[in-house]
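S.K.: I have a structure I would like to understand better, so I am pasting it below and will then ask my questions one at a time.
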Amino acid sequence: MSTETLTVEKPKRNYNVLFGLTLLALLVLLWIALSLATPSFASSTNITNLLRQGSMIAILAVGQTFVIITGGIDLSVGAIVGFCTVIPAMMINAGWPVWLAVLATLCVGLAIGVFHGFGIVKMGLPPFIITLATLTSLRGIGLLMTGGSSISINNDAFQEFSRNSFLGVPNLFWMVILVGVPAYIFLHHSRWGRYLFSVGSNAEASRLSGVNVSRTIYMAYTLSGLCAAFVGVLLASRIGIGNPTQAEGWELQAIASSVIGGTSLFGAIGSVHGPLLGAFILATINNGANLLNVNSFWQRVITGALIIIIVYFDGLRRRGK
């Protein structure tokens, strides 16, 4: 690696660490403030629920981050989650082993990601359009498969997984660690991760430098689809049903978590730890607002305002102001 590359990467890495520490401090301050505002916030039951609430959006945000770093967007992740609650429900109820149902569901997520890559690379469609089309189509396909009704999952062990804990920590939060650690190594310590940043910064310059831009785009959307399918399995386990209308609006929460976590919607800037912290900051705000009996509509207003503020300052930083 050249001296120039080292000089560019070191400040970016320092910025990510500093921003991550800032987010962590903000999350701690929120927890302290809410603990003082309402005693029920710090109860073990509520903290456990909070970790479960934030975990699935956190995993979704990691997959979304890979796509946003390349300068793209994936609006279909919420629909993939809902659709991927139906597949394990139908397979488990048909007598298939749980592990096979989970594997098949993950393969569906991979296939959807490959389809998005094909639409963008080969058909020349904008990411917004192809993923929006998938969002609409998957909801419809799922409703056709289920006849418009929910499918109850007849497997106690499958449902118990999401409700149990290990070492006092909810299993769903352990799944965040399971996804987060390899995702961090992939994004920040592998050449594939560097390719994502490179494509997001300048796709044409990356191509001229020998980066396979098409394969990198395929990789980003495939990882996003895989994360969404995994969340679909976890959601099916938690609610005990398969229903394609589940996870409505989760794509916006995933994007918000990623942006709050420091990922630039202009591409080429992002991390893994940022979106994870961003997801739990959003979960904390929503949880605290519910405990304080704040109108749920205000929660959406706060989320939207946070996105506008962060994107605005990101634009200023990019223009060097």
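S.K.: What's the total number of residues in segment 262-301 that are part of a helix (DSSP H, G or I) and either polar (S, T, N, Q) or within 27 Å of residue 183 (Cβ to Cβ) (or both)?
M.R.: 18
S.K.: Pick from 101, 157: which is surrounded by fewer than 16 Cβ atoms within 10 Å (Cβ to Cβ) and farther than 25 Å from residue 201 by Cβ?
M.R.: When all the criteria are applied, what remains is 157.
S.K.: Regarding segment 163-171, can at least one residue be identified that is at positive phi and loosely packed, with under 15 Cβ neighbours inside 10 Å?
M.R.: The answer is yes, given that some residue of segment 163-171 is at positive phi and loosely packed, with under 15 Cβ neighbours inside 10 Å.
S.K.: How many residues does segment 256-303 hold that are over 28 Å from residue 198 (Cα atoms) and either in contact with a Lys or Arg (Cβ under 8 Å, 6 or more places away or on another chain) or touching a residue at least 40 places away in the same chain (Cβ under 8 Å) (or both)?
M.R.: Step one: filter segment 256-303 for residues over 28 Å from residue 198 (Cα atoms), giving 280-303.
After this cut, where a residue has to be either in contact with a Lys or Arg (Cβ under 8 Å, 6 or more places away or on another chain) or touching a residue at least 40 places away in the same chain (Cβ under 8 Å) (or both) as well, the list is 280-288, 291-292, 303.
Count: 12.
S.K.: Quick check: is even one residue across segment 44-61 over 24 Å from the mean Cα position of the chain (by Cα), over 27 Å from residue 194 (Cβ atoms) and either not hydrophobic (A, V, I, L, M, F, W, C) or not in a helix (DSSP H, G or I) (or both)?
M.R.: The answer is yes; a qualifying residue exists.
S.K.: Next question. Which residues, counting only those in segment 39-96, are free of Cβ contacts under 8 Å to residues at least 40 places away in the same chain and either buried (at least 24 other Cβ atoms within 10 Å of the Cβ) or β-branched (Val, Ile, Thr) (or both)?
M.R.: Within segment 39-96, 45, 47 qualify.
S.K.: So, one more: When you check residue 276 against the structure, is it closer than 18 Å to residue 79 by Cα, modelled with pLDDT of 95 or more and buried (at least 24 other Cβ atoms within 10 Å of the Cβ), yes or no?
M.R.: Answer is no for this residue.
S.K.: Which residues, counting only those in segment 124-171, are among the hydroxyl-bearing types (Ser, Thr, Tyr) and part of a helix (DSSP H, G or I)?
M.R.: Within segment 124-171, 131, 134, 136, 137, 146, 162 meet the criteria.
S.K.: Within segment 232-241, does at least one residue satisfy the condition of being among the charged types (D, E, K, R), touching a Ser or Thr at 6+ places or on another chain (Cβ under 6 Å) and outside any loop (DSSP other than H, G, I, E, B)? So that I can check it myself, show each step before the final result.
M.R.: Filtering segment 232-241 for residues among the charged types (D, E, K, R) gives 238.
Then drop every residue that is not touching a Ser or Thr at 6+ places or on another chain (Cβ under 6 Å), which leaves 238.
In the following step, the residues that additionally are outside any loop (DSSP other than H, G, I, E, B) were identified as 238.
Checking segment 232-241: at least one residue is among the charged types (D, E, K, R), touching a Ser or Thr at 6+ places or on another chain (Cβ under 6 Å) and outside any loop (DSSP other than H, G, I, E, B).
S.K.: If only one of 105, 65, 136, 85 is closer than 25 Å to residue 214 by Cβ and hydroxyl-bearing (Ser, Thr, Tyr), which one is it?
M.R.: 65
The values are calculated or read from the model by the stated rules, or taken from the named source; none is laboratory data. What you see is a predicted model, and the numbers here were worked out from it, not measured in a lab. We place every Cβ from the backbone using ideal geometry, glycine too, and count neighbours over all the protein chains shown.
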